[in-house]
1. If you go through segment A:265-299, how many residues are over 11 Å from A:LEU413 (Cβ atoms), of a type outside the set (Gly, Ala, Ser) and within 14 Å of chain B (Cβ to nearest Cβ)?
2. Any residue in segment A:247-262 that is β-branched (Val, Ile, Thr) and crowded, with 20+ Cβ neighbours inside 10 Å?
3. Applying the selection to segment A:124-161, what residues are of a type in the set (A, V, I, L, M, F, W, C) and surrounded by fewer than 24 Cβ atoms within 10 Å (Cβ to Cβ)?
4. Can you find, within segment A:19-55, the residue that is nearest to A:GLN102 (Cα to Cα) among those that are small (Gly, Ala, Ser) and surrounded by fewer than 22 Cβ atoms within 10 Å (Cβ to Cβ)?
5. Name the residue that is farthest from the chain's Cα centre (by Cα), counting only residues in segment A:99-125 that are farther than 16 Å from A:ASP239 by Cα, part of a loop (DSSP other than H, G, I, E, B) and more than 14 Å from every other protein chain (Cβ to nearest Cβ).
6. Restricting to segment A:300-325, count the residues that are of a type in the set (D, E, K, R) and more than 10 Å from chain B (Cβ to nearest Cβ).
7. Is it true that some residue in segment A:312-329 is closer than 23 Å to A:SER213 by Cβ, hydrophobic (A, V, I, L, M, F, W, C) and free of Cβ contacts under 8 Å to residues at least 24 places away in the same chain?
8. Take the residues in segment A:69-98 that are crowded, with 24+ Cβ neighbours inside 10 Å and not in a loop (DSSP other than H, G, I, E, B); name whichever of them is nearest to the other protein chains (Cβ to nearest Cβ).
Amino acid sequence: MNMELPKSIKQLQKGLLNKEFSAVDLVDLSYKRIGNCNKELNAFLTLSEDLAYQQAKRADKIIANEKKEAFISNPLLGVTVALKDLYLTKGIRTTAGSRVLQNYVPEYSSTVVNRIQDAGAVVLGKTNCDAWAHGASGENSDFGPSKNPWNKEFVPGGSSSGSAVAVAAGLSMSAMGTDTGGSIRQPANFCGVVGFKPTYGIVPRYGVVAMASSLDTMGHFTSTVEDSRKIFEITKGTDGYDSTLKDNPKENSKTSKGKYRIGVPKEYFIEGIDTQVENNVRNALKEFEKMGHDVVEISLPHTKYAISVYYIIQPAEVSSNLARYDGIRYGNSRDSFGDEAKRRVMLGSYVLSAGYYDAYYLKAMKVRSKIIEDFEKVFEEVDAVIAPVSPTPAFKLGEKANDPLQMYLADVLTVSANIAGIPGLALPWGFTQQGLPLGFQLMGPRFSEDTLFDLGEQFHKHVDYEPGTPLI
Amino acid sequence: MVIIGMLQPVVKRGDVLDSWCSTNVSYVDMAKLSDEEVRHVAQLANLSLTDDQLSKFKDQLSNVIDYVNQLEEVDTKDSQPTSQTTGLVNVTRDDEISPQQSLSQDQALSGTEETHSGYFVVPALLDEKKE
């Protein structure tokens, strides 16, 4: 079967209905491509062929019986998906990228996985990530880093590295990831795909290996904004397991404004930001203005404290969440933790310990309130905020590996959204002179995903954006 | 409130990214954790460290603590701490057992081979009293 990869869910549905190809054909093609390049790219840790073919055959049956109706009752029918190896999958090994769980097979699946499977998606496998989601390059995986498909000497970003690679390299139509401090938006930016981080409290975290429980969000990678929106429609909403969820309070008053006010935070255009990154965002601003949106300068004064707040609160929550890995009920002993995990657990234990709790953790929670207030003030004036995602494009493997603090500092443009619990959408656009992807992110108030999707779709349409795969 | 062991950094970090631009960063007179503090924290976290790891982590953790000390600058006397952003409080459900929300005993034990008659085997906490 000589089929081409569908470039979007819409294209997939058309092809399936017109019998140009079947869901099984797509799975064949996907595994062929994975077989050709996974050794080099190291995107997948585990492949779930039995499950994928079972799901694809079921999809083909449903389409044969229900024709067009099939996609109404199963909105993701036939859509291939790769899952960051933090998502528990019943009966399928889940490692969290760590040797501690290298043989762990869960007895249940996460809510998100159940929802996308019920909607007809086809699970291809589990993707590589920084162990425990600790990282922003993929280099902290205990199973070797993934490689950037646009240039294999470069990192794909992290921690959802394998998921970003799977979509960017045309191995899967979509991939689930998690974003605690930028771990979807940054690899999406480095790999040139759409990366979505939802509001904290709208997509269930149940059944996903927890990193920092007040910061973790469950999002995904796609080639188009429209696909991103479609997947969010399936994953969102209360589930009876995760008690930190709210259904969108403005669910029934969804009216697209069409034209928006977009804020440009001056503190995000920091000294030392790569010129190509900055120019790309400033050019994007011009395009938004051409489209008729208002672009205004705004200020988020506590931005420079975001890294300190994040690298106190997150390790503190990590130290608590990783306490369960005692090697007794599941997994290997704590000696199997990698260096970065140990570092973060110790950092967290330190800032929570007697004598230090007030000066660090309590202080950080208070500054967190100030960062939240910064955004609340700004969102009284604007509908969304635009910003670069990372101070640099993708960097070379090994370049930052020796200095953890250097790696942490590069999170400055993404962590504020997690601290404030607001949604973010990373949009790919353009390339550097060296051929690496560029792009930017949009952030909005809590529960404003529709605004971000709307702006993203408008932008890509306006600039005639075509998703592309690098020649591998 | 007495803050124990926190030294004032002599070198003030200016703009957030001024350090990552240079390839050779020198950290001068920063807040340094002692060997004791690192061992204590490792013990709290139930982690074992080799001597090499102790000294490497000591430096790396000291760098991070030194950096985050910058929060002292922020006036938070009128701020409330935020622990999570949803504003939700006391979310409960009825205390009913539902099969879908529970694991069977076999499922619960399936993650390890160290089991005994339906129990998890754990390291001994109490030794036999020696006469």
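Nothing in this text is a laboratory measurement; each read-out follows from the coordinates by a stated rule. These figures come from a predicted structure and were not determined experimentally. As a convention, Cβ positions derive from the backbone with ideal geometry for all residues, glycine included, and neighbour counts pool all protein chains shown.
1. 5
2. Within segment A:247-262 (the criterion being β-branched (Val, Ile, Thr) and crowded, with 20+ Cβ neighbours inside 10 Å), the answer is yes, since at least one residue qualifies.
3. The answer is A:PHE143, A:PHE154.
4. This residue is A:SER48.
5. Per the criteria, the residue is A:GLY120.
6. 1
7. There is at least one residue in segment A:312-329 that is closer than 23 Å to A:SER213 by Cβ, hydrophobic (A, V, I, L, M, F, W, C) and free of Cβ contacts under 8 Å to residues at least 24 places away in the same chain.
8. Restricting to residues being crowded, with 24+ Cβ neighbours inside 10 Å and not in a loop (DSSP other than H, G, I, E, B), the top hit is A:THR89.
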